[in-house]
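The values are calculated or read from the model by the stated rules, or taken from the named source; none is laboratory data. Not measured: the values here are computed from a predicted model. No Cβ is skipped: glycine too gets one built from the backbone with ideal geometry, and neighbour counts run over all protein chains shown.
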Amino acid sequence: MTRFTQAVSRHGYVLAAVAMALSTGVFLLGRDQFAKGQWALLYLLVILLVASAAGPGPAVLAAVLAFFAWNFFFLPPYHTLEIRDPKDWLSLAAFLVVGVIVGALAGRMRDREARARAREQETAALNRLSAAVVSQTSTEQMAETCLGEIVDLLRARSAALYIERDGRLTRYRQAPEDAEDDPAVSELAARAFAAGEAAPAAGDGGLYVPVRSPSGVTGVLTVQARLDGRAYSESDARLVASLGNLVGAFLERERLQQEATAAAAAREADNLKSSLLSSVSHELKTPLAALTATVSNLLESDVDWDEESVRDELRSIVGDVARLNNSITSLLELSRLESHAWEPRRELYGLAEIVFAGIDNLPTHLRQRVLVDLPEDDIIIDVDFVQFTRVMQNLLENALLYTDGEVSVGAHGWNEGARLWVEDQGPGIPADEHEAVFEKFFRGRKPEGRRAPSGTGLGLAIAREIVHAHCGTIGVEDVVPQGARFVITLTDGDGPAGDREERA
């Protein structure tokens, strides 16, 4: 509805009086040229125009004024309400009835058209607002979009969204942002929230609509008075109420998403806890059981132990203690890495030094199965020596666990970085497990003809965390005809460099 149409609607009765006065003045110029009955048709035309512009009420007023004007100015004797010809009585009465009926019907048609147009605009606005609400991913974005739309649509001074958070009703967003804060608005919004129903403020001309969701009243949508001072219509109030329902649906969706995310996180935590307990209990209880059995055997008084047998039992104890210590150390290291409590202390080291340090940490019987093929010119890398030694140890232990053959270590460097790999001749890793092998507690499929490998499933996860902390990458490649190759790539500026020896 345009401003002109709105002004006409507000002053329809004035328009009817002015229209009758002007048309009568124009008709008087041709009073002597037309018959007295023809003026009724012209007045009916004016009544129709008033009805279409201002509605049925002003149209009825126009019909009554036209009745007297026709009698006073166009039926003899002129300028009196006296009627000499009895036929004029019938004409006047018929004119008045027809004028009132025509004006009322035309005005009602005009009002119905206006309501239909308003509903169409309301529906279009709701469609836009619905699309805006659905497309947003955060409450902040949703509030900014919806409040901006409603301010522009209703030409309001401002609009604000109040949302209940932690038992308090706080303003979440206001549009425009530079609108002046009014404490009375917050107070009235709190009243509407407490009452749970729309509460137009007395005197300020605003709308206060509770935001409802299946969980209850979750907030209040406020729209302040119009810039031009006009009062809000029922359709405007319905539009704001519908927008409040859309906001409530969005907030409910957001709440359900948060609950779903929390539930998924809880399930993941439970799964992780179960995996942790299963893995840790197995890896800790097995060496503990072996230790208990060995020590119990040594304490048996009815068994004569020779020195060599005692040494064998003690070596077994040392191995079980080492295995137990390795499991506990892996858990602690991964926890420290994930919490960023074990940050790398990087210095320049030769790659060969780190490789052989990792091999030295292996049991003696496993070291013989490791082949080292490094370039003659040592590669200088900028890493934490302890952490990268741990990476080498974990990669070698993993490779030796899945093959009875030899495991090879190789590397090459260039000016921008270095590439290091550990390769085995085992059964290989399926393509769909290339990423999963680096997850915590993941264990590969049982090799055919071999027993299931032992271990906590933390070695490769620790290796990945350490490599990532050095801004490098680690991945798996297939080896032909069989086997797997774990490859670490470090680039200059983020980790190592083959030419950093000159900088040292």
The condition from (1) among the β-branched types (Val, Ile, Thr); (2) in contact with an Asp or Glu (Cβ under 9 Å, 6 or more places away or on another chain); (3) crowded, with 22+ Cβ neighbours inside 10 Å that VAL422 misses is numbered (2)
Here's a check for you: in the stretch 308-332, which residue that is acidic (Asp, Glu) and at pLDDT 75 or above is farthest from ALA461 (Cα to Cα)?
GLU308
Restricting the search to the stretch 475-503, which residues are buried (at least 22 other Cβ atoms within 10 Å of the Cβ) and either modelled with pLDDT of 90 or more or of a type in the set (Asp, Glu) (or both)?
ALA484, PHE486, ILE488, LEU490
Does VAL211 qualify as being surrounded by fewer than 21 Cβ atoms within 10 Å (Cβ to Cβ) and assigned to a strand (DSSP E or B)?
no
A careful count of residues in the stretch 58-113 that are farther than 21 Å from VAL18 by Cβ and either among the aliphatic types (A, V, I, L, M) or outside the structural domain of LYS36 (by TED's automatic domain parsing) (or both) gives 12
Per-region count, the stretch 412-456, residues among the small types (Gly, Ala, Ser), modelled with pLDDT of 70 or more and within 45 Å of the chain's Cα centre (by Cα):
6
Given the residues ALA290, ALA263, which is the only one that is part of a helix (DSSP H, G or I) and either at pLDDT 85 or above or at positive phi (or both)?
ALA263
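With respect to GLU343, determine if the residue is over 17 Å from HIS412 (Cβ atoms), surrounded by fewer than 15 Cβ atoms within 10 Å (Cβ to Cβ) and of a type in the set (Asp, Glu). Talk me through it step by step, then tell me what you get.
Values: over 17 Å from HIS412 (Cβ atoms): yes; surrounded by fewer than 15 Cβ atoms within 10 Å (Cβ to Cβ): yes; of a type in the set (Asp, Glu): yes.
So GLU343 fits the description; yes.
Can you tell me which residue within the stretch 402-411, out of those that are modelled with pLDDT under 90 and more than 45 Å from the chain's Cα centre (by Cα), is surrounded by the most Cβ atoms within 10 Å (Cβ to Cβ)? Steps first, please.
If we filter the stretch 402-411 for residues that are modelled with pLDDT under 90, which is where we start, we get 402-405.
Next cut, more than 45 Å from the chain's Cα centre (by Cα) only: 403-405.
On the way: THR403: 20, ASP404: 10, GLY405: 12.
Taking the candidates together, the pick is THR403.
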Give the residue that is modelled with the highest pLDDT, with candidates limited to residues of the stretch 1-28 that are crowded, with 16+ Cβ neighbours inside 10 Å and farther than 19 Å from GLY99 by Cβ.
SER9
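Against the definition (without any contact (Cβ under 8 Å) to a residue 24 or more places away in the chain and either within 26 Å of ARG253 (Cβ to Cβ) or among the basic types (Lys, Arg) (or both)), how does GLY148 come out, yes or no?
Values: without any contact (Cβ under 8 Å) to a residue 24 or more places away in the chain: no; either within 26 Å of ARG253 (Cβ to Cβ) or among the basic types (Lys, Arg) (or both): yes.
So GLY148 fails the test.
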In this structure, is LEU129 within 22 Å of the chain's Cα centre (by Cα), buried (at least 20 other Cβ atoms within 10 Å of the Cβ), within 14 Å of PHE250 (Cα to Cα) and not assigned by TED's automatic domain parsing to the domain that holds SER242?
yes
Scan the stretch 102-126 residue by residue and report those that are hydrophobic (A, V, I, L, M, F, W, C) and either in contact with a strand residue (DSSP E or B) (Cβ under 9 Å, 6 or more places away or on another chain) or surrounded by fewer than 12 Cβ atoms within 10 Å (Cβ to Cβ) (or both).
ALA116, ALA124
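One line per residue, one yes/no per condition, for (1) touching a strand residue (DSSP E or B) at 6+ places or on another chain (Cβ under 6 Å); (2) assigned by TED's automatic domain parsing to the domain that holds ASP111; (3) farther than 26 Å from GLU120 by Cα:
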{"residue": "ALA156", "(1), (2), (3)": "yes, no, no"}
{"residue": "ALA159", "(1), (2), (3)": "yes, no, no"}
{"residue": "ILE163", "(1), (2), (3)": "yes, no, yes"}
{"residue": "ALA189", "(1), (2), (3)": "yes, no, yes"}
{"residue": "LEU207", "(1), (2), (3)": "yes, no, no"}
{"residue": "SER215", "(1), (2), (3)": "no, no, yes"}
{"residue": "THR218", "(1), (2), (3)": "yes, no, yes"}
{"residue": "GLN224", "(1), (2), (3)": "yes, no, no"}
